[in-house]
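The values are calculated or read from the model by the stated rules, or taken from the named source; none is laboratory data. Because the structure is predicted, anything quoted here is derived from the model rather than measured. All Cβ positions, glycine included, derive from the backbone under ideal geometry; neighbour counts span all protein chains shown. Heavy atoms of the whole protein, side chains included, go into the accessibility calculation; ligands, DNA and RNA do not. Shrake-Rupley method; radii C 1.70, N 1.55, O 1.52, S 1.80 Å.
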Amino acid sequence: MTETVLKLQQIKRWFGDGDKRLHVLKGVDLEIHKGEIVALVGPSGSGKSTLLYVTGLLDQPSSGSLFLAGRSCASMKEKERTLMRRQYLGFVYQSHLLLPDFSALENVMMPQLIGGTRPARAKEKALQLLDKMGLKSRAKHRPGELSGGEQQRVAIARALVNEPQLLLADEPTGNLDPKTSEKVFMALLNMVRETGLSALIATHNPDLAAQMDRRVSLQNGVLVEEA
């Protein structure tokens with residue numbers, strides 16, 4: 001039986017109280033299995049980012065159950081949530097969010113150092129990932145010296161360096177031109193498939209969504225499986 005990496009059951013998230021309460025997620029159910037890449041689609045304002053924040057343990061659901069790697073996480077305290085994020089999750093955002101004063105290599109080393117990896121090992125692993133992303137020759141460059149596509153590939157390497165079980169990506173190529181977007185996205189998919197992890201990737205691009213294993217659409221606060 002295929003291992004379930006993520007399971008959401010009737011996840012609801014609302015903001016405000018009383019008559020001013022805004023219901024964004026109205027009962028989301030989702031399972032993602034090991035090695036599965038799922039596209040999350042839906043119009044702007046449908047709640048995709050909210051769902052990713054809840055799934056990534058950056059925000060707590062108002063109600064419902066969330067299981068990550070078999071562990072119930074919805075009611076965890078912040079310290080436990082931080083440890084779960086560090087151990088099981090990787091994040092890629094629309095904006096690369098690299099540290100501007102550090103090189104590409106140092107940016108990819110950082111999550112490892114925070115997790116207690118020895119500097120020599122962190123450097124070795126970061127260089128391996130940058131090489132796979134076609135950036136070994138750019139390892140010593142700071143973000144300001146890299147193109148937008150290169151910066152996002154560094155961000156992908158950083159997200160994968162601690163070998164998470166689940167990658168969450170929010171419009172990871174949304175700020176790039178179409179040609180660069182496709183190149184970076186294929187690099188992301190290839191790395192995810194090579195490492196065998198699972199991924200939930202929000203995108204507005206139907207061509208990119210079609211290249212994933214399946215597609216779910218967020219409509220009126222619930223997820224609908226698309227053909």
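In the stretch 139-157, the qualifying residues are those that are touching a Lys or Arg at 6+ places or on another chain (Cβ under 9 Å) and more than 16 Å from Leu188 (Cα to Cα), and the one that is surrounded by the fewest Cβ atoms within 10 Å (Cβ to Cβ) is Glu145.
Checking each residue in the stretch 80-117 for being among the polar types (S, T, N, Q), in a loop (DSSP other than H, G, I, E, B) and more than 25 Å from Ser181 (Cα to Cα) picks out only Thr117.
So which residues in the stretch 35-53 are open to solvent by 40 Å² or more (accessible area, probe 1.4 Å) and within 16 Å of Leu8 (Cβ to Cβ), if there are any at all?
Pass one, the stretch 35-53, residues open to solvent by 40 Å² or more (accessible area, probe 1.4 Å): 43-45, 49, 53.
Those that are open to solvent by 40 Å² or more (accessible area, probe 1.4 Å) and within 16 Å of Leu8 (Cβ to Cβ): Ser49, Tyr53.
Looking only at residues in the stretch 103-117 that are surrounded by 18 or more Cβ atoms within 10 Å (Cβ to Cβ) and not aliphatic (A, V, I, L, M), the one that is nearest to the chain's Cα centre (by Cα) is Pro111.
If you check Ala126, Ala120, which single one turns out to be assigned to a helix (DSSP H, G or I), surrounded by 18 or more Cβ atoms within 10 Å (Cβ to Cβ) and at pLDDT 95 or above? Walk me through how you get there before you give the answer.
Working: Ala120 fails: surrounded by 18 or more Cβ atoms within 10 Å (Cβ to Cβ).
Selected residue: Ala126, the only one of Ala126, Ala120 that is assigned to a helix (DSSP H, G or I), surrounded by 18 or more Cβ atoms within 10 Å (Cβ to Cβ) and at pLDDT 95 or above.
Can you tell me how many residues in the stretch 17-31 are out of contact with any helix residue (DSSP H, G or I) (no Cβ under 9 Å at 6 or more places or on another chain) and at pLDDT 90 or above? Within the stretch 17-31, residues that are out of contact with any helix residue (DSSP H, G or I) (no Cβ under 9 Å at 6 or more places or on another chain) and at pLDDT 90 or above number 6.
Within the stretch 1-37, the residues that satisfy the criterion of being outside any strand (DSSP E or B) and within 18 Å of Leu68 (Cα to Cα) are Met1, Thr2, Glu3, Lys34, Gly35, Glu36.
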